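Right, one structure below, let's go through it.
Taken together, the values in this text are just the output of simple stated rules run on the coordinates, not laboratory data. Computed from a prediction, not measured in an experiment: that's the story for all the values here. Virtual Cβ from ideal backbone geometry, glycine too; neighbours counted across all protein chains shown.
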Amino acid sequence: MAATARPRRSVLYMPGSNARALEKGRSLPADGLILDLEDAVAPDAKAEARATIKASIAAGGYGGRELVVRTNGLNTPWGYDDLVMAVASGADAVLLPKVESADMVRQAEAVLRANGSPDGQTIWCMMETPLGMLNAKEIAGASPKLGGLVMGTSDLAKDLHAAHTRDRLPMLTSLGLCLLAARAYGLAILDGVHLDLNDDAGFAESCTQGRELGFDGKTLIHPRTIAACNAAFAPGEEEIAQAHRIIQAHAEAVAQGKGVVLVDGRLVENLHVENARRLVALAEAIRALEAAG
């Protein structure tokens, strides 16, 4: 399955040092979980958190949820051991913090491969600094092992001295640069977190904007936001029905030697068919994921 075809509507950060939270993650309706060794874990708890995450993944029970381990950077005392553990854990992906260059990706990749990382285990990059934004293209193309980008909008806003506004206008240039880079290299990309858990309307607006911009989903900091996020980033029933109509009508037109056709009063050509197939594949993948529990 292509990197962007797997459902990633909702991806929840979970502190790697909290065994009870990791246990709860087995029953949450999130598409993916980020088991965090970085910001959510105090320095003196890093080693214990490593062991907790490894044991939790080994115990299984996460169904089809994508499991991602966020490591500390290789320039810290914990980064190397985090990467080694991530390989041994069998996590689906490793999320590198504060990636600012292609070299940072390749250094982590070298450690992963030296420790036996399988081809199916991918690297994800946190995009959360001004330099990371400026080097998004080089980062996205750094390795065939790269699976996706994750926006770290909180750290980015701090570094930019930008305000957290509802329309996220101060973020749009950065979001756009990373979206362009991700799509150019066939990567998935997740939107940043919404910090105010009391602002349901603002969260909904952020989800709608993220989907309209082209993000595959959104990273979350609390389980209560999962359902709304899943709904926002999933194709609606009418979208799916229209996608099927587009695919069928275009196939019939091609059989008649035509390259374009009208569907619901709109001109449809091959580019619309490709998008329709993507939506149908995503809807089917969501159903399969939810059936897996």
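Dipole size in debye (nearest 20) for the range 1-74 around its Cα centre, Lys and Arg Cβ +1, Asp and Glu Cβ -1?
So the magnitude is around 280 debye.
For a quick size check, give me the Cα extents of the range 142-213 along its three principal axes, largest first, whole Å.
40, 24, 17
Over all directions, average the projected area of the Cα convex hull of the chain and note it in nm².
Mean projected area for the chain: 16.1 nm², to one decimal.
Which value in deg cm²/dmol, rounded to the nearest 500, describes the helix-derived mean residue ellipticity at 222 nm for the chain, given -39,500 (n - 2.57) per DSSP H run of n ≥ 4 and division by the residue count? If you can, show how the numbers build up before the last one.
Numbers: 12 runs with 139 residues, N = 293.
My calculation for the chain gives -14500 deg cm²/dmol from helical runs alone.
Please give the FRET efficiency for Glu212 paired with Ala58, using the beta carbon to beta carbon distance and R0 = 45 Å, rounded to the nearest 0.05.
Values: r = 39 Å, r/R0 = 0.88.
Using R0 = 45 Å, I get an efficiency of 0.70.
Which value, in Å³ per residue, describes the convex hull spanned by the Cα atoms of the range 237-292?
Value for the range 237-292: 66 Å³ per residue.
Given a Förster distance of 41 Å, report the FRET efficiency between Ala19 and Glu269 from their Cβ-Cβ distance, rounded to the nearest 0.05.
0.20
Which distance in nm do the two modelled labels at Arg245 and Asn198 give, with both placed 7 Å along the Cα-to-Cβ direction?
Simple spin-label model gives 4.5 nm for this pair.
At 7 Å along Cα-to-Cβ for each site, give me the label-to-label distance between Thr165 and Arg224 in nm.
2.8
Given a Förster distance of 35 angstrom, what is the FRET efficiency for Leu180 paired with Ala292, based on the Cβ-Cβ distance and rounded to 0.05? Please list the in-between numbers first.
Details: r = 33 Å, r/R0 = 0.94.
Plugging the Cβ-Cβ distance into 1/(1 + (r/R0)^6) gives 0.60.
Pick from Thr153, Thr173, Thr225 the residue whose mean-square fluctuation is largest in a GNM of the chain, springs joining Cα atoms under 10 Å.
Top of the fluctuation ranking is Thr173.
Rounded, prolate or oblate: pick one for the range 1-116, where a ≥ b ≥ c are the square roots of the eigenvalues of its C-alpha gyration tensor, a/c under 1.5 means rounded, and failing that, prolate if a/b is larger than b/c, else oblate. Numbers along the way, then the final one.
Working: a/c = 1.68, a/b = 1.20, b/c = 1.40.
Since a/c reaches 1.5 but b/c is at least a/b, the shape of the range 1-116 is classed as oblate.
Stretched out fully, how many nm does the piece from Ser101 to Asn115 gain, at 0.36 nm a residue minus the Cα gap?
Difference between extended and current length: 2.8 nm.
Return a whole-number percent for the relative contact order of the range 237-292, with Cα pairs under 8 Å and 6 or more residues apart as the contact set.
About 37 percent, as a whole number.
Using the structure shown, list the pairs from Lys24/Lys218; Lys98/Lys218; Lys54/Lys218; Lys46/Lys145; Lys98/Lys158 with a Cα-Cα distance above 22 Å, or answer none. List each step's numbers first, then the result.
Details: Lys24/Lys218 20 Å; Lys98/Lys218 18 Å; Lys54/Lys218 25 Å; Lys46/Lys145 26 Å; Lys98/Lys158 13 Å.
Where the Cα-Cα span goes over 22 Å, the pairs concerned are Lys54/Lys218; Lys46/Lys145.
Once each part is reduced to its C-alpha centroid, what is the distance from the range 252-283 to the range 47-111 in angstrom?
Measuring centre to centre over Cα atoms gives 41 Å.
Hey, if you put +1 on the Cβ of every Lys and Arg and -1 on every Asp and Glu Cβ in the range 10-233, which of Ser206, Ala19, Tyr80 ends up farthest toward the positive end of that dipole?
Value computed over the given set: Ala19.
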